[in-house]
Amino acid sequence: MAVVTRGFTGRGRVDPKLPPGQYLTEDFPVLSAGPTPRIDLNRWKFSVVTETGQKHSWSWQELLALPAEDVTVDIHCVTKWSKFGTRWHGVPVDTLLADVETAADYVMAHSYGGYTTNVPLEDLTDGQAWIAYRYDGEDLAPEHGGPARLLVPHLYFWKSAKWVNGLEMMPEDSPGFWESAGYHNYGDPWREQRYYGD
């Protein structure tokens, strides 16, 4: 007697690049916690502020003058969609932190519009994160975080703060916007860290 019915092949092979609980999309869904800010590039500024209050700032033109990279990464949203092979262009966070003296272990990303999200500093360094200002060969659209967003592709996408305007170095961790509302403090898609307690 056969244990498995002839012709049954199961659910098929799941792509090993797809974290558990996620589905693939060809679209790029737009999800935001509030209205889309429109930022005048002549007034745009990005700052890194250390735990001692030392401030390093760049204008839009100064950011564009920094060495930038093309990166192709998979992205994963906490709402369960994933998109493979997304193409970005931006400045590595390592470049922005090159002359920053800090003993901090954590960072709070700040955005135009008031959004915040916390990330361990070690998740932003060693080629893991960028300030991205182009997507798929075009200037980054406002609905996707333009003119510039933080890109941290190995974490759920709410950690890749849209409309980013600064990084605040912190000696101790503190929750950002969604983390204060019950989302997971870290947000690893491979461990399905969507909500507090996951």
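Brief remarks follow.
- Magnitude of the charge dipole, the chain, Cβ model with Lys/Arg +1 and Asp/Glu -1, debye to 20: 880
- The simple spin-label model puts a point 7 Å past each Cα toward its Cβ; for Ser47 and Glu172 those points are separated by 2.4 nm.
- Taking θ as phi - 60° and the Karplus parameters 6.51, -1.76 and 1.60, the scalar couplings of the range 120-131 work out to x, 4, 5, 8, 9, 10, 6, x, 9, 8, 9, 9 Hz in sequence order, x denoting glycine and proline.
- Distances between placed amide hydrogens fall under 5 Å for Tyr195 paired with His184, all partners being 5 or more residues away or on another chain.
- Annotation: amide H of Val78 within the under-5 Å range of Phe157, Trp158, sequence separation 5 or more or interchain, hydrogens built in the peptide plane.
- Label-point separation, Asp94 to Thr72 (7 Å along Cα→Cβ), nm: 2.0
- Between the beta carbons of Leu24 and Ala65, assuming R0 = 35 Å, the FRET efficiency works out to 0.45 to the nearest 0.05.
- Which labelled figure in (1) 75, 37, 32; (2) 65, 44, 30; (3) 61, 35, 31 is Cα extents along the principal axes in Å, once derived from the coordinates: (1)
- Net lengthening on full extension, Tyr195/Ala181 (0.36 nm per residue, minus Cα-Cα): 4.1 nm
- Within a Gaussian network of the chain (alpha carbon springs, distance under 10 Å), most fluctuating of Lys162, Lys17, Lys83: Lys17
- Label zone at Gln54 (point 7 Å along Cα-to-Cβ), backbone N below 15 Å, the range 102-146: 102-105
- Annotation: the residues Thr52, Thr102, Thr125, sorted from fewest to most other C-beta atoms within 10 Å of their own C-beta, follow the order Thr52, Thr125, Thr102.
- Largest GNM mean-square fluctuation across Gln22, Gln128, Gln61, computed for the chain with C-alpha springs under 10 Å, falls on Gln61.
- Neighbour counting of Cβ atoms within 10 Å sorts the residues Leu97, Leu18, Leu167, fewest neighbours leading, into Leu18, Leu97, Leu167.
- When each of Tyr195, Tyr186, Tyr135, Tyr156 is scored by the number of other beta-carbon atoms lying within 10 Å, the sequence from fewest to most is Tyr195, Tyr186, Tyr135, Tyr156.
Read-outs throughout are calculated quantities, based only on the coordinates presented, and are distinct from any laboratory measurement. As the structure is a computational prediction, the values presented were derived from the model and not from experiment. Cβ: placed from backbone, ideal geometry, glycine included. Neighbour counts: every protein chain shown.
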